[in-house]
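Colleague: The structure under discussion is supplied below as structure tokens; questions concerning it will follow.
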Amino acid sequence: MATVTTSRTTPGRAVATVPAGVRRRRALEWVALHTVAVTAALFFVLPFVFIVLTAVMTDEQTLTRDLWPNQWEWHNFADVWRTPGFATWWRNTIVYAVTGTLLTLVSSIPVAYALAHFRFRGRTVAMMVVVATMMLPPQVVIVPMYLFWAKQLHLSGTLWPLIIPLAFGDAFSIFLLRQFLLTVPREYIEAAKVDGCGDLGALLRVVLPMAKPAVAAVALFQFFYCWNDYFGPQIYASENPAAWTLSYGLGTFKSAHHTNWNLTMAATLLVIAPVIVLFFLAQRAFIEGVTLTGVKG
Amino acid sequence: MTSTSLAARRRRDALRTLAFLSPWLLGTGLFFLYPLVSTAYFSVMRYDGFAPPRFTGLRNWEFVFQSYPFFWPAMRNTVWLVLVVVTLRMLVGLAIGMLVIRVKRGGGLFRTLYYAPYLAPPVAGTLAFVFLLNPGTGPVNVILGHLGLPQPGWFNDPAWSKPALTLLALWGIGDLMVIFMAALLDVPREQYEAAELDGAGAFNRFRFVTVPHLRPILVFAAVTGVIAMMQYYTEPFVAGLVASGQIGGSGQQVEPGYPAGSTLTLPQLVYNLGFQRFDIGAACVIALVLFVLSMLFAVLLMRRGSGFLAED
């Protein structure tokens with residue numbers, strides 16, 4: 001593995017005192033390392049480059065094997081925006097993602113707090129059920145769930161069957177928050193109680209302000225989950241185009257509108273862009289959240 | 001403290017716990033336990049969603065294992081994906097993680113570039129790759145053509161559709177990169193220096209210092225990788241849908257797993273049986289198979305000492 005053999009290059013560390021041979025070897029390692037890094041970067045970046053280049057091509061040019069646009073048709077993005085339904089998909093996705101995220105936070109935080117700081121019988125079992133439901137493919141329970149929402153409550157053709165369950169706690173969010181809340185020292189909670197706070201007061205006034213990064217990470221994850229969700233809207237909303245989301249609508253975009261790759265790639269970019277922007281606004285919280293999902297020491 | 005006030009306090013604590021857990025307890029009952037029992041019930045019933053369900057014993061199970069043409073291809077695809085995608089994602093994730101912690105100049109930029117594709121919504125990423133790899137005008141085959149290399153059919157060729165999905169999965173390696181990065185930075189530097197003094201080369205330092213420290217993370221990545229493959233739905237479904245040029249929708253017949261069943265996965269069978277063929281009994285059989293398989297791996301993750309439950 002190239003990355004192993006080029007290990008531990010530290011250019012600039014006491015350069016003057018090391019012999020010329022060692023210095024030359026380190027310089028070579030530095031070059032090799034950056035060559036590998038740039039090559040790897042091409043694999044991750046070039047797809048985006050080709051998506052953008054194709055998104056601004058003319059209809060005729062997308063049928064050729066040209067890679068570089070003859071003319072830059074920036075209005076393609078506006079054309080996609082004006083495609084019937086696209087604005088509706090946006091609105092629906094925002095409603096689903098924002099409402100879903102808020103409900104998830106309100107319902108999951110108290111559960112995570114109880115699992116992290118209350119001592120009660122069955123706590124380990126409860127944790128195991130949380131992890132099990134977190135690992136459960138949504139398809140396992142989809143048939144009875146669909147029958148329940150469609151036949152009992154007549155809510156198929158809407159996004160409510162996806163939003164309402166989030167008011168009852170989301171396993172992944174509970175798990176993530178609980179991992180973080182474990183690191184809040186018990187003394188802070190005890191001190192808050194001595195000062196006359198109840199459990200809810202201690203949670204709201206002491207624990208939550210300390211857990212801001214975790215709450216932000218959970219909010220972001222849930223927002224992205226709703227934004228990206230394809231299976232849920234496919235099951236519940238596909239019969240009613242007025243309830244489609246961006247992810248679902250995008251899947252039908254090329255064939256439903258008989259569009260070429262240029263408009264399809266422009267639409268793809270319009271679905272990716274908000275997620276990337278949101279990521280840059282909240283990069284730290286997000287990375288911390290990803291790390292938190294891993295094994296803690 | 002008298003015994004009555006102790007009992008009263010216990011009762012108050014229990015009520016408090018119950019109050020905090022109540023949303024989740026209700027949710028688990030309504031959206032996990034109830035549908036799970038219901039799925040088991042329907043797996044032995046004949047039910048099309050309209051006529052009242054009738055008991056059929058193990059007929060649905062026989063159908064799925066013996067006559068349903070998509071079950072075994074989906075199982076074989078899942079094994080392929082677990083072996084190839086999960087392994088490659090771990091190797092590449094580790095390599096990229098080791099790379100970025102060594103790059104000093106521009107390290108932040110490289111990290112962001114490697115991470116960004118992970119954020120692309122699955123439908124968008126899949127659509128992008130179906131375009132990039134389309135056999136006619138796709139940039140990848142255009143470049144391969146210029147280099148005089150063979151131009152595979154990718155998502156339109158049963159032999160190349162899973163490798164194409166693998167490329168897509170490797171493009172979104174960002175999550176593993178971050179997790180491995182954090183773990184690699186946690187390895188004490190002194191141990192590398194001690195090993196170097198003992199004359200250990202780069203490979204031996206990797207083998208005897210890095211790998212043992214990473215073991216829990218490697219286990220975590222492997223198990224969650226397998227579980228992700230049990231849930232692998234959007235990418236193969238959308239890839240097949242778009243590459244075949246068909247319009248999807250509830251009730252419409254779409255050839256699942258285009259091309260030639262090579263992108264079928266287990267979750268897609270639940271959709272095909274339950275929502276396209278209206279064979280709810282058979283759909284529930286697949287759902288139970290999925291349930292057992294994913295719980296098997298969830299238990300692996302929760303085994304004592306894996307550190308996953310992180311008891312305080």
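Throughout, read-outs are computed from the coordinates displayed, never taken from laboratory work. Keep in mind it's a predicted model, so treat the numbers as computed, not measured. Glycine also receives a Cβ, built like all others from the backbone with ideal geometry; neighbour counts cover every protein chain displayed.
Colleague: Just to check I understand the Karplus step: with θ = phi - 60° and J = 6.51 cos²θ - 1.76 cosθ + 1.60, what whole-Hz values come out for the stretch B:98-107, glycine and proline as x?
Modeller: 5, 5, 5, 6, 8, 6, 8, 7, x, x
Colleague: Can you compute the helix-only [θ] at 222 nm over the protein assembly as shown? Use -39500 (n - 2.57) per DSSP H run of at least 4 residues, normalise by all residues, nearest 500 deg cm²/dmol.
Modeller: -20000 deg cm²/dmol
Colleague: What's the magnitude of the charge dipole for chain A around its Cα centre, counting Lys and Arg as +1 and Asp and Glu as -1 at the beta-carbon? Answer in Debye, nearest 20. The partial results should precede the final answer.
Modeller: Details: 21 positive and 14 negative charges, 260 e Å.
Here the size comes out at about 1240 debye.
Colleague: What is the packing order of peptides A:243-256, A:160-173, B:103-116, A:45-58, taking the mean over residues of other C-beta atoms within 10 Å and listing the highest first?
Modeller: A:243-256, A:160-173, A:45-58, B:103-116
Colleague: List the lysines whose alpha-carbon lies under 19 Å from that of B:Lys104, not counting same-chain residues fewer than 8 positions away?
Modeller: Reachable lysines: none.
Colleague: Using amide H atoms built 1.01 Å from N in the peptide plane, name the residues 5+ places from B:Arg46, or on other chains, whose amide H lies under 5 Å from its own.
Modeller: B:Arg54, B:Phe55, B:Thr56
Colleague: Using a Gaussian network model on chain B with a 10 Å cutoff between Cα atoms, which of B:Met229, B:Met75, B:Met302 fluctuates the most?
Modeller: Comparing B:Met229, B:Met75, B:Met302 in the GNM, the peak value goes to B:Met302.
Colleague: Within straight cross-link reach of A:Lys254, meaning Cα distance under 24 Å, which lysines are found once same-chain residues fewer than 8 apart are removed?
Modeller: The qualifying lysines are B:Lys162.
Colleague: Still on this structure, please answer the following. What list of ³J(HN,Hα) values in whole Hz, one per residue of the stretch A:258-271 in order, does the Karplus curve 6.51 cos²θ - 1.76 cosθ + 1.60 (θ = phi - 60°) give from phi, with Gly and Pro shown as x?
Modeller: Result, ordered by residue: 6, 8, 7, 5, 4, 5, 4, 6, 4, 4, 4, 5, 5, 8 Hz.
Colleague: For peptide B:29-37, what's the mean number of Cβ atoms from other chains within 10 Å of each residue's Cβ?
Modeller: Average per residue, whole number: 5.
Colleague: Which lysines, on any chain, are close to A:Lys212 with Cα under 29 Å apart, when same-chain ones fewer than 8 places away are left out?
Modeller: The qualifying lysines are A:Lys193, A:Lys296.
Colleague: At what distance in angstrom do the alpha carbon centres of the stretch A:77-128 and the stretch B:117-195 lie from each other?
Modeller: 29
Colleague: I've got another one for you. Provide the per-residue ³J(HN,Hα) series for the stretch B:53-58, in order, calculated from phi with Karplus coefficients 6.51, -1.76, 1.60 and θ = phi - 60°, each as a whole number of Hz, with x at glycine and proline positions.
Modeller: Result, ordered by residue: x, 10, 5, 10, x, 9 Hz.
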